[in-house]
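Trainee: Pasting a structure below so you can have a look.
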Amino acid sequence: MESKIIVAIDGFSSTGKSTVAKQLAKHLGYIYVDTGAMYRTVALYALQNGYAKDGKVQEKLLIANLANIHISFQYNPSLGFSEVYLNTVNVETEIRGMEVSSYVSKVAAISAVRQKLVALQQQMGESKGIVMDGRDIGTVVFPNAELKLFMTASAETRAQRRYDELKQKGDTTVTFDEVYNNVVERDHIDTTRKDSPLVMADDAVEVDNSNLSREEQFTYILSLVKAKL
Ligand code: DC
């Protein structure tokens, strides 16, 4: 029997990490975990409870209530991937909106939030056979992952992808500039925060997909996986 590995996929926002992670997990019969969804869920909880407003996050209040946040994933067979739940409510759609996006990097910079989520992520990967995407998977969550990928693409390419995605989902108010500014702002916060900033692990393979089709990218990444099995 082939041995199961951990595939850690990190990189900037909207580099297509989740698309390739989902494809890969499906192909290999592995579990896929979107850790960005977990940080987004905490941001949603903060918004719902008034701990995030006027562009600020009330860190102390959020930290005091962390024990009340239960995050889980449930596989949706018709979608072919797992959806995220906040205290038994499916929040998969809600966490993708601009409001959550505008607070999530601030929430993800809080060490107590990171500690809680990293512990949960490490538990999920105990039996290996997992593809996990995020910002610190190869550096902090699974420093011993068998395969680490670091995805990059230009900010323009990423903003355009995000903008098209939001439009497709029916968002009629968002402008390209808003999305672009959000991408740039999040890059800045994610790479400069004190706790677990976004950096490429020394042993990661960098994949710049600005000019790669999904198929080309998948074929290339699959060849990297096969070399590790
Ligand atoms: O991948 P995403 O855009 O859904 O991530 C949302 C935010 O969460 C992003 O601004 C960075 C943060 N994040 C993080 O700090 N660590 C992770 N492992 C995953 C996401």
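Trainee: Pull up all non-local amide H partners of Val205: gap of 5 or more, or a different chain, and H-to-H distance under 5 Å with H placed in the peptide plane.
Mentor: Lys148, Leu149, Phe150
Trainee: Same structure, new question: Rounded to the nearest 10 Å², what accessible area does Leu198 show when all protein chains are kept and the probe is 1.4 Å?
Mentor: Here the accessible area works out near 10 Å².
Trainee: Determine ³J(HN,Hα), in whole Hz, for all residues of region 157-169 in sequence, where each value follows from phi through the Karplus function 6.51 cos²θ - 1.76 cosθ + 1.60 and θ = phi - 60°; x replaces Gly and Pro.
Mentor: Per-residue couplings from phi come out as 4, 5, 5, 4, 4, 5, 4, 4, 5, 5, 4, 4, 7 Hz.
Trainee: Amide H neighbours of Leu86 under 5 Å, counting only residues 5+ apart in sequence or on other chains, H built in-plane at 1.01 Å?
Mentor: Val91
Trainee: Shifting gears a bit: Which ³J(HN,Hα) values in Hz, rounded to whole numbers, follow from the phi angles of region 39-45 under the Karplus curve 6.51 cos²θ - 1.76 cosθ + 1.60, where θ = phi - 60° and Gly and Pro get x?
Mentor: Running phi through 6.51 cos²θ - 1.76 cosθ + 1.60 with θ = phi - 60° gives 5, 5, 5, 5, 5, 5, 4 Hz.
Trainee: Here's a follow-up. How do Glu156, Glu92, Glu215 rank by accessible surface area computed with a 1.4 Å probe, from largest to smallest?
Mentor: I get Glu215, Glu156, Glu92, largest accessible area first.
Trainee: Here's something else I'd like to know. First compute the accessible area of region 1-92 with a 1.4 Å probe, then give the percent of it belonging to carbon and sulfur atoms.
Mentor: Roughly 52 percent of what the probe reaches on region 1-92 is carbon or sulfur.
Trainee: Let me ask another. Are there any trypsin sites (Lys or Arg not before Pro) in region 150-220 that are in a DSSP loop and have at most 15 other Cβ atoms within 10 Å? List them by number. Spell out each step's value before the answer.
Mentor: Working: sites: Arg158, Arg161, Arg162, Lys167, Lys169, Arg186, Arg193, Lys194, Arg214; in loops: Lys169, Arg193, Lys194.
Qualifying residues, ordered by number: Lys169, Lys194.
Trainee: Determine the share of region 124-172's accessible area contributed by carbon and sulfur atoms, expressed in whole percent, with a 1.4 angstrom probe.
Mentor: 46
Trainee: Please state the shape class of region 72-131: rounded when a/c is under 1.5, otherwise prolate if a/b exceeds b/c and oblate if not, all from the C-alpha gyration tensor.
Mentor: In terms of gyration-tensor shape, oblate.
Trainee: How much net charge surrounds Leu47 when only other residues with a Cβ under 11 Å from its Cβ are counted (Lys, Arg +1; Asp, Glu -1)?
Mentor: Summing Lys/Arg as +1 and Asp/Glu as -1 gives 0.
Trainee: Counting DSSP beta bridges in the chain, what percent are antiparallel, to the nearest 5?
Mentor: 35
Trainee: Would you check the accessible area of Ile63, probe 1.4 Å, heavy atoms only, in square angstrom rounded to 10?
Mentor: Probe radius 1.4 Å; accessible area of Ile63 about 70 Å².
Trainee: Which net charge results when you count Lys and Arg as +1 and Asp and Glu as -1 among the other residues whose beta-carbon is under 9 Å from that of Gly80?
Mentor: +2
Trainee: Taking the Cα atoms of the chain alone, what are Rg (to one decimal) and Dmax (as a whole number) in Å?
Mentor: That works out to 16.9, 54 Å for Rg and Dmax.
Trainee: Leaving out ligands and nucleic acids, and using a 1.4 Å probe, what accessible area per residue does region 73-198 come to in Å²? Walk me through the numbers on the way to the answer.
Mentor: Details: 6010 Å² over 126 residues.
Result: 48 Å² of accessible area for each residue.
Trainee: Sticking with this one: Setting aside same-chain residues fewer than 8 positions from Lys128, which lysines have a Cα under 27 Å from its Cα?
Mentor: Cross-link targets: Lys4, Lys17, Lys22, Lys26, Lys116, Lys148, Lys226, Lys228.
Trainee: Treating only the Cβ atoms of Lys and Arg (+1) and Asp and Glu (-1) as charged, compute the dipole magnitude of the chain about its Cα centre; round to the nearest 20 debye.
Mentor: 440
Trainee: Next question, about the same structure. Please give the net charge around Ala204, taking every other residue with its beta carbon less than 15 angstrom from that of Ala204, where Lys and Arg add +1 and Asp and Glu add -1.
Mentor: Local net charge: -4.
Trainee: Tell me, what HN-Hα J-couplings in whole Hz come from the Karplus equation 6.51 cos²θ - 1.76 cosθ + 1.60 at θ = phi - 60° for each residue of region 55-60, using x for Gly and Pro?
Mentor: After applying 6.51 cos²θ - 1.76 cosθ + 1.60, I find x, 10, 10, 7, 4, 4 Hz.
The values are calculated or read from the model by the stated rules, or taken from the named source; none is laboratory data. Treat the numbers as computed from the prediction; the structure is a model and nothing was measured. Reconstructed Cβ throughout: ideal geometry from the backbone, glycine too, with neighbour counts over all protein chains shown. SASA here: full protein model, heavy atoms, side chains in, ligands and nucleic acids out. Shrake-Rupley method; radii C 1.70, N 1.55, O 1.52, S 1.80 Å.
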